[in-house]
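First up is the structure itself, then whatever we jot down about it.
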Amino acid sequence: MLVTGRRHTFALPIALQLGFDLWVISSNGAVTRSLSGETFHRDLLPAETCRELCGAMREFRGNTVLTFDKEAKGAVVLEHMRDLTGSIRRWLEKNMEYIELVIPIEDSLVTDPVQAMFCGAIARMHEALRGLAQCGLENKITVLRTEYPARDLSIVDVLNQGCSKGHAVKRWADYRGIPREQVMAIGDNYNDIEMLAFAGVPFIMGNACDELLARGWTVTLPNHQNGVAAAIEQVLGKTRVGA
């Protein structure tokens, strides 16, 4: 499976290059769907919770993006793009056909969104994380983050309570009858922690942040040296030896 923080549609071009049928866990665990569009599970953020969130995080209104589970204009909603620069601006430009500007952003909440996102420089997003910790919604939401220091970019994802890559992988493994010990996972960022903690065979990419590298999980090569392939070959090699 591909497990990603990206929207399902945005992940499809990568998934299709693999050349075989598979399922994609997208939006950090909120949606599990096949390449043909069949939905296995959705874990949406209640609209009322998202409305409370937007009110509590008003200071970060210019960094706020909401996503919805549809493939049309309005799948990505924000008030304006003035505060979103660099690589996040390029991501938005690639998604322009899906973007709708709504002021106030709460007016878009006529259905439950997939998630809310706060995007920006790492220091700014650390401020957002502190705001989220103090907003009084800790029993209603899950907060995940990704950081890319080389680009000074951080994305803070806010999902429904109990929603994460780890929960989605466990749900799929339980459905398929696959024991945890036979689940392999490969990750490189903070939003992968729950998934790696669940997997019986976790691998960390060699380009991962120091905090993940220090957790004691097996480290594979970095992404520019085909670390995913190296990890898979290592596991398959062990399987053949033990057979």
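Do we find that residue 116 is assigned to a strand (DSSP E or B) and among the small types (Gly, Ala, Ser) in this structure? Spell out the reasoning first.
Details: assigned to a strand (DSSP E or B): yes; among the small types (Gly, Ala, Ser): yes.
Against the criterion (assigned to a strand (DSSP E or B) and among the small types (Gly, Ala, Ser)), residue 116 qualifies.
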Cβ pairs under 8 Å, 6+ apart, first in the stretch 203-221 and in the same structural domain as residue 232 (by TED's automatic domain parsing) and touching a residue at least 12 places away in the same chain (Cβ under 8 Å), second of a type in the set (Ser, Thr, Tyr) and surrounded by fewer than 16 Cβ atoms within 10 Å (Cβ to Cβ) | 203/218; 204/218
Flag for residue 142 being surrounded by 21 or more Cβ atoms within 10 Å (Cβ to Cβ), assigned by TED's automatic domain parsing to the domain that holds residue 76 and in contact with a Gly (Cβ under 7 Å, 6 or more places away or on another chain) | yes
Of those in the stretch 1-27 that are outside any helix (DSSP H, G or I) and of a type in the set (A, V, I, L, M), the residue surrounded by the most Cβ atoms within 10 Å (Cβ to Cβ) is 25
Spot the failing condition for residue 189; the list is (1) more than 20 Å from residue 23 (Cα to Cα); (2) modelled with pLDDT of 95 or more; (3) out of contact with any strand residue (DSSP E or B) (no Cβ under 8 Å at 6 or more places or on another chain); (4) not basic (Lys, Arg), and only one is missed.
-> (3)
Out of 39, 4, 67, 85, report the one residue that is farther than 20 Å from residue 112 by Cα, modelled with pLDDT of 95 or more and of a type in the set (Val, Ile, Thr).
-> 4
Among the residues of the stretch 49-66, is there at least one that is within 17 Å of the chain's Cα centre (by Cα), surrounded by fewer than 18 Cβ atoms within 10 Å (Cβ to Cβ) and not in a loop (DSSP other than H, G, I, E, B)?
-> no
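Can we say residue 144 is in contact (Cβ under 8 Å) with a residue 60 or more places away in the chain and either assigned to a strand (DSSP E or B) or within 23 Å of residue 192 (Cβ to Cβ) (or both)?
Numbers: in contact (Cβ under 8 Å) with a residue 60 or more places away in the chain: yes; either assigned to a strand (DSSP E or B) or within 23 Å of residue 192 (Cβ to Cβ) (or both): yes.
Yes; evaluated as a whole, the condition is true for this residue.
For the stretch 28-47, state whether one or more residues are in a helix (DSSP H, G or I) and either on the phi < 0 side of the Ramachandran plot or surrounded by fewer than 20 Cβ atoms within 10 Å (Cβ to Cβ) (or both).
First, the residues of the stretch 28-47 that are in a helix (DSSP H, G or I): 28-29, 47.
Imposing the further condition that a residue be either on the phi < 0 side of the Ramachandran plot or surrounded by fewer than 20 Cβ atoms within 10 Å (Cβ to Cβ) (or both) reduces the set to 47.
There is at least one residue in the stretch 28-47 that is in a helix (DSSP H, G or I) and either on the phi < 0 side of the Ramachandran plot or surrounded by fewer than 20 Cβ atoms within 10 Å (Cβ to Cβ) (or both).
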If you go through the stretch 148-186 one residue at a time, how many are in contact (Cβ under 8 Å) with a residue 40 or more places away in the chain and of a type outside the set (S, T, N, Q)?
-> 22
Test for residue 47: is it of a type in the set (A, V, I, L, M, F, W, C) and more than 25 Å from residue 135 (Cβ to Cβ) = no
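Determine whether the stretch 176-189 contains at least one residue that is within 29 Å of residue 51 (Cα to Cα), out of contact with any His (no Cβ under 9 Å at 6 or more places or on another chain) and outside the structural domain of residue 89 (by TED's automatic domain parsing). Quick ask: steps written out before the conclusion?
Within the stretch 176-189, the first condition is being within 29 Å of residue 51 (Cα to Cα), and the residues that meet it are 189.
Applying the additional criterion that residues be out of contact with any His (no Cβ under 9 Å at 6 or more places or on another chain) yields 189.
Next, only the ones that are outside the structural domain of residue 89 (by TED's automatic domain parsing) stay: 189.
Yes: the stretch 176-189 contains one or more residues that are within 29 Å of residue 51 (Cα to Cα), out of contact with any His (no Cβ under 9 Å at 6 or more places or on another chain) and outside the structural domain of residue 89 (by TED's automatic domain parsing).
The values are calculated or read from the model by the stated rules, or taken from the named source; none is laboratory data. Keep in mind that this is a model prediction, so the values were computed, not measured. Neighbour counts are summed over all protein chains in view; Cβ atoms, including those assigned to glycine, are modelled from backbone coordinates with ideal geometry.
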